[in-house]
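Colleague: Okay, handing you the structure first.
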Amino acid sequence: MKNRRTSELHAHKYCSALAAEKLTEDSHAYRLSEGVLATTGKNTAEVVMKVPGSCTDAAAALDGGDTTARPAGGASAGAWFTFTGQAAEMPTNQAAEDARALCFDTAKLEEDMLVCGTPSLTVQVQATTPGSPPSGNLVARLCAVAPGGKSSVRLSYYGVVNVSKVASESTAGNHAVSVTVDLNYTTVVIPAGYSLRLALSADYWPIVVPQWGGSGLSVRCRDARLLVPRAPAGSPAIAAAEAAAKRVVPTEVHIPRPAKVSVLKQGSQDVRETIGANSSSWCMSTATDHGSRKYQTHQAVVVKGTTSQEYSLGKLPESIVGPSIEAAIGAGHTVTYESTFKWPERKLSSGEVFPAVSAETRVSSTMASGSANALCITTNLEALQDGEMIFSRQWMDTISRTSI
């Protein structure tokens with residue numbers, strides 16, 4: 001353990017054995033102070049801090065001409081669910097989003113530390129606007145910060161709680177409510193010299209659909225508690241778990257014969273940010289070319305596909321929000337997928353000849369969140385054969401929002 005460089009985070013291959021050791025029972029409780037996570041002492045004075053980074057505020061600022069406005073989190077989070085594991089789907093450096101969030105840091109770790117389990121944050125939240133019930137989302141991220149200040153690409157575990165729903169079910173009225181945010185399960189070793197960071201934000205676009213409007217959120221630090229299931233990486237319990245994992249005999253796996261595939265074109269990915277017309281909107285786009293492959297064992301069919309995604313914030317055109325949505329300032333998410341299958345001319349043993357054929361499908365779907373009352377979803381579907389349109393349909397749905 002001691003030989004591992006601090007520039008990387010190392011996940012243990014024996015995480016299931018470690019989970020069996022119930023490290024969650026040894027969770028370290030951190031208290032929240034102004035910018036600090038500490039394991040000792042107790043807050044006696046009440047400190048109330050506003051949670052920044054709502055999409056509502058960022059969209060309004062963009063519409064007002066502030067091209068630097070962004071929500072506090074989400075753009076660097078990577079894909080919600082990854083298929084390829086390629087760079088465009090993975091999280092990037094979180095430092096820029098940390099700068100727009102409410103952050104609390106520990107001191108630098110004196111030794112390698114294993115985090116294994118589900119971190120959780122319990123905190124009281126209240127509306128920033130006096131006399132209003134708390135509403136919106138509360139997002140908590142747990143990051144590892146390198147000695148140079150880089151907020152880790154690999155360790156960025158997050159959790160979200162719908163404060164609007166909690167408040168609607170509470171008897172506290174317009175007062176503060178207690179919420180618990182459970183973060184993703186994780187097993188990772190954080191090297192000595194790193195520090196842990198808790199980052200709080202009001203939204204996590206585009207991973208989480210933003211709630212529009214609202215009164216803003218503030219957190220009360222005095223009774224807040226962050227539980228992190230952790231233990232020194234060199235502890236006897238971890239050494240025993242590692243030894244037990246090595247004794248586990250893997251089950252027998254039968255893998256079918258792979259298809260014979262030729263890669264005709266490698267895939268590629270591109271991620272970029274742009275500012276819209278009149279500087280009133282921000283857009284992050286991801287374009288993925290899945291490449292082209294020939295499957296010799298499947299009638300020599302050639303398959304290629306592309307996926308593109310656009311995340312917009314600010315003034316949205318009517319083509320996205322639709323005529324039934326009240327406001328044209330909001331957040332939009334468009335996904336487009338295109339696939340093409342090409343079969344060569346085939347001659348059967350009977351002498352019958354099947355001509356070459358090309359089949360193409362295009363699917364796009366846009367979700368707009370620009371109203372406190374509804375979401376608008378527009379979908380387009382097209383099918384082509386040999387370049388000729390054989391099917392096309394467009395439909396739009398308006399979904400009422402309830403506590404989201």
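The values are calculated or read from the model by the stated rules, or taken from the named source; none is laboratory data. Here the structure is a predicted model, which means the values were calculated and not measured. Cβ atoms come from the backbone with ideal geometry, glycine included; neighbour counts cover every protein chain shown.
Colleague: Select from segment 163-184 the residues that are closer than 20 Å to Ser120 by Cα and out of contact with any strand residue (DSSP E or B) (no Cβ under 7 Å at 6 or more places or on another chain) and list them in ascending order. Before you say what the answer is, go through the steps one by one.
Modeller: Initial filter on segment 163-184 (closer than 20 Å to Ser120 by Cα): 163-167, 176-184.
Passing the criteria: Ser164, Lys165.
Colleague: Residues in segment 333-364 that are part of a strand (DSSP E or B) and small (Gly, Ala, Ser): how many?
Modeller: Pass one, segment 333-364, residues part of a strand (DSSP E or B): 333-343, 346-347, 353-354, 357-364.
Applying the additional criterion that residues be small (Gly, Ala, Ser) yields 339, 358-359, 364.
Qualifying residue count for the region: 4.
Colleague: If the requirement is being touching a Lys or Arg at 6+ places or on another chain (Cβ under 8 Å), farther than 18 Å from Gln211 by Cβ and not basic (Lys, Arg), which of these qualifies: Pro130, Pro147? Steps first, please.
Modeller: On the way: Pro130 fails: touching a Lys or Arg at 6+ places or on another chain (Cβ under 8 Å).
Being touching a Lys or Arg at 6+ places or on another chain (Cβ under 8 Å), farther than 18 Å from Gln211 by Cβ and not basic (Lys, Arg) holds for just one of Pro130, Pro147, which is Pro147.
Colleague: Looking at Cys116, is it modelled with pLDDT of 85 or more and more than 17 Å from His175 (Cβ to Cβ)?
Modeller: no
Colleague: Restricting to segment 321-332, what's the tally of residues that are at pLDDT below 75, touching a helix residue (DSSP H, G or I) at 6+ places or on another chain (Cβ under 8 Å) and either not in a loop (DSSP other than H, G, I, E, B) or not assigned by TED's automatic domain parsing to the domain that holds Ser358 (or both)?
Modeller: Looking only at segment 321-332, we keep the residues that are at pLDDT below 75, and these are 321-328.
If we keep only those that are touching a helix residue (DSSP H, G or I) at 6+ places or on another chain (Cβ under 8 Å) as well, we get 327-328.
Among the residues that remain, those that are also either not in a loop (DSSP other than H, G, I, E, B) or not assigned by TED's automatic domain parsing to the domain that holds Ser358 (or both) are: none.
Of the residues in segment 321-332, 0 are at pLDDT below 75, touching a helix residue (DSSP H, G or I) at 6+ places or on another chain (Cβ under 8 Å) and either not in a loop (DSSP other than H, G, I, E, B) or not assigned by TED's automatic domain parsing to the domain that holds Ser358 (or both).
Colleague: Do we have Arg197 as in the same structural domain as Pro71 (by TED's automatic domain parsing), buried (at least 19 other Cβ atoms within 10 Å of the Cβ) and among the charged types (D, E, K, R) here?
Modeller: Values: in the same structural domain as Pro71 (by TED's automatic domain parsing): yes; buried (at least 19 other Cβ atoms within 10 Å of the Cβ): yes; among the charged types (D, E, K, R): yes.
For Arg197, the condition - in the same structural domain as Pro71 (by TED's automatic domain parsing), buried (at least 19 other Cβ atoms within 10 Å of the Cβ) and among the charged types (D, E, K, R) - is met.
Colleague: Within segment 308-318, how many residues turn out to be surrounded by 18 or more Cβ atoms within 10 Å (Cβ to Cβ) and either of a type in the set (D, E, K, R) or at pLDDT 90 or above (or both)?
Modeller: Here the count works out to 2.
Yes/no per residue for (1) polar (S, T, N, Q); (2) touching a helix residue (DSSP H, G or I) at 6+ places or on another chain (Cβ under 9 Å); (3) outside the structural domain of Cys283 (by TED's automatic domain parsing):
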{"residue": "Arg346", "(1), (2), (3)": "no, no, no"}
{"residue": "Ser350", "(1), (2), (3)": "yes, no, no"}
{"residue": "Val353", "(1), (2), (3)": "no, no, no"}
{"residue": "Ser358", "(1), (2), (3)": "yes, no, no"}
{"residue": "Asn373", "(1), (2), (3)": "yes, no, no"}
{"residue": "Cys376", "(1), (2), (3)": "no, yes, no"}
{"residue": "Glu382", "(1), (2), (3)": "no, no, no"}
{"residue": "Glu388", "(1), (2), (3)": "no, no, no"}
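Colleague: Are any residues in segment 346-365 closer than 21 Å to Lys304 by Cα and surrounded by fewer than 10 Cβ atoms within 10 Å (Cβ to Cβ), and if so, which ones? Show your work before the answer.
Modeller: If we filter segment 346-365 for residues that are closer than 21 Å to Lys304 by Cα, which is where we start, we get 346, 355-365.
The answer is Pro355, and nothing else.
Colleague: While we're looking at this one, here's another question. Quick one: is Val166 without any contact (Cβ under 8 Å) to a residue 40 or more places away in the chain and either out of contact with any Ser or Thr (no Cβ under 8 Å at 6 or more places or on another chain) or in the same structural domain as Arg141 (by TED's automatic domain parsing) (or both)?
Modeller: Details: without any contact (Cβ under 8 Å) to a residue 40 or more places away in the chain: yes; either out of contact with any Ser or Thr (no Cβ under 8 Å at 6 or more places or on another chain) or in the same structural domain as Arg141 (by TED's automatic domain parsing) (or both): yes.
Considered against the rule, which asks whether it is without any contact (Cβ under 8 Å) to a residue 40 or more places away in the chain and either out of contact with any Ser or Thr (no Cβ under 8 Å at 6 or more places or on another chain) or in the same structural domain as Arg141 (by TED's automatic domain parsing) (or both), Val166 comes out as yes.
Colleague: Scan Thr129, Thr84, Thr122 and give me the residue that is out of contact with any Asp or Glu (no Cβ under 6 Å at 6 or more places or on another chain), at pLDDT 80 or above, surrounded by fewer than 23 Cβ atoms within 10 Å (Cβ to Cβ) and in a loop (DSSP other than H, G, I, E, B).
Modeller: Numbers: Thr84 fails: at pLDDT 80 or above; Thr122 fails: in a loop (DSSP other than H, G, I, E, B).
Answer to the check: Thr129.
Colleague: Right, next: I'm trying to understand the selection: among the residues of segment 175-231, which are assigned to a loop (DSSP other than H, G, I, E, B), small (Gly, Ala, Ser) and under 21 Å from the mean Cα position of the chain (by Cα)?
Modeller: Kept after step one, since they are assigned to a loop (DSSP other than H, G, I, E, B), are these residues of segment 175-231: 175-176, 183-185, 191-194, 202-216, 229.
Remaining after also requiring small (Gly, Ala, Ser): 176, 192-193, 202, 213-216.
The one that is assigned to a loop (DSSP other than H, G, I, E, B), small (Gly, Ala, Ser) and under 21 Å from the mean Cα position of the chain (by Cα): Ala202.
Colleague: Same structure, new question: Looking only at residues in segment 366-404 that are modelled with pLDDT under 90 and part of a loop (DSSP other than H, G, I, E, B), which one is surrounded by the fewest Cβ atoms within 10 Å (Cβ to Cβ)?
Modeller: Thr402
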